[in-house]
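Okay, structure first, notes after.
The values are calculated or read from the model by the stated rules, or taken from the named source; none is laboratory data. Quick caveat: nothing in here was measured; it's all calculated off a predicted structure. Cβ coordinates were reconstructed from backbone atoms using ideal geometry, including for glycine residues, and neighbour counts include every protein chain displayed.
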Amino acid sequence: MTLDLNYLLPMYIAHSNKPISPSPILRQFQRRECLPMIKTLLWKIDVGMVRTLTLQESGAVITLGLWGVGDVVGHPLAGVEPYLIECLCKVQAHRLHIDDGLAIDEVMWSHIHQSQILQRMNYGSIPERLKQFLAWFAYKFGTKSEEGWRIPNRLTQQDIAEAIGTSRVTICRLLGELEQGGIIHSSKKGYLLSHRFQMER
């Protein structure tokens, strides 16, 4: 499915007549809980990680983006329907009104840029898609160490499969092969991408 990037930020946003408090309201959400969708409100992530997604008519999930601390998500940035924001772990976020002086152009372009990246990861061989995804995910969410890149274990194999357009069984097999080859190492805390991973990309 090719997304129409021209509609990531609608030119017109229907404002609610309901008065909105100008003060940020901090909310806590559990893993797999979805953030409320309100037409004139955005959410800024303070703790945790979420993914934005839509659904095909068949019910298949299409991942639109992965977002962490400092990122802004919300219905005004949706270019498709349905549009959901799912927590990948425990999340704390505070809401922002669309008129709160936010640099909306920067937010819009970050969503466009990430959508383009994830679209590119849905083409080519599955092993190459997985390596590209792990490298991008490590750069966005991981930390560099002497052993390589450490990335948090906040994505399931199903999450990864849906991000790059394949099956969970395939991801399970490919991750196993990478681990057997010493290219990645997994633990309860997450993954370590070794220096060999960089060399083989």
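Does SER194 meet the test of being touching a residue at least 12 places away in the same chain (Cβ under 8 Å) and out of contact with any Gly (no Cβ under 6 Å at 6 or more places or on another chain)?
For SER194, the condition - touching a residue at least 12 places away in the same chain (Cβ under 8 Å) and out of contact with any Gly (no Cβ under 6 Å at 6 or more places or on another chain) - is not met.
Given the residues SER115, SER125, SER167, SER110, which is the only one that is among the polar types (S, T, N, Q) and touching a residue at least 60 places away in the same chain (Cβ under 8 Å)?
Answer to the check: SER115.
Table: residues versus (1) farther than 30 Å from ARG196 by Cβ; (2) crowded, with 20+ Cβ neighbours inside 10 Å; (3) in the same structural domain as TRP43 (by TED's automatic domain parsing); (4) of a type in the set (D, E, K, R).
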position: VAL73; (1), (2), (3), (4): yes, yes, yes, no
position: HIS94; (1), (2), (3), (4): yes, no, yes, no
position: HIS111; (1), (2), (3), (4): yes, yes, yes, no
position: GLN116; (1), (2), (3), (4): no, no, yes, no
position: GLU147; (1), (2), (3), (4): no, no, no, yes
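Quick check on my filter: what residues within segment 154-172 are assigned to a helix (DSSP H, G or I) and either within 18 Å of the chain's Cα centre (by Cα) or surrounded by 13 or more Cβ atoms within 10 Å (Cβ to Cβ) (or both)?
GLN157, GLN158, ASP159, ILE160, ALA161, GLU162, ALA163, ILE164, ARG168, THR170, ILE171, CYS172
If you scan segment 1-52, which residues turn out to be of a type in the set (Ser, Thr, Tyr), modelled with pLDDT under 80 and either farther than 23 Å from VAL80 by Cβ or more than 19 Å from the chain's Cα centre (by Cα) (or both)?
Matches in segment 1-52: TYR12, SER16, SER21, SER23.
Against the condition within 15 Å of the chain's Cα centre (by Cα), at pLDDT below 90, aliphatic (A, V, I, L, M) and assigned to a strand (DSSP E or B), how does ILE151 come out, does it pass?
Judged against the criteria, ILE151 is a match.
Determine whether ILE151 is surrounded by 18 or more Cβ atoms within 10 Å (Cβ to Cβ), under 13 Å from LEU134 (Cβ atoms) and in contact with a Gly (Cβ under 6 Å, 6 or more places away or on another chain).
Here the answer is yes, as ILE151 does meet what is asked.
Each row is one residue, and each column tells you yes or no for (1) touching a helix residue (DSSP H, G or I) at 6+ places or on another chain (Cβ under 6 Å); (2) assigned to a loop (DSSP other than H, G, I, E, B); (3) within 24 Å of GLN119 (Cα to Cα); (4) assigned by TED's automatic domain parsing to the domain that holds VAL107.
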site: ARG27; (1), (2), (3), (4): no, no, no, yes
site: ILE45; (1), (2), (3), (4): no, no, yes, yes
site: THR54; (1), (2), (3), (4): no, no, yes, yes
site: GLU57; (1), (2), (3), (4): no, yes, yes, yes
site: PRO76; (1), (2), (3), (4): no, no, yes, yes
site: PRO82; (1), (2), (3), (4): no, yes, yes, yes
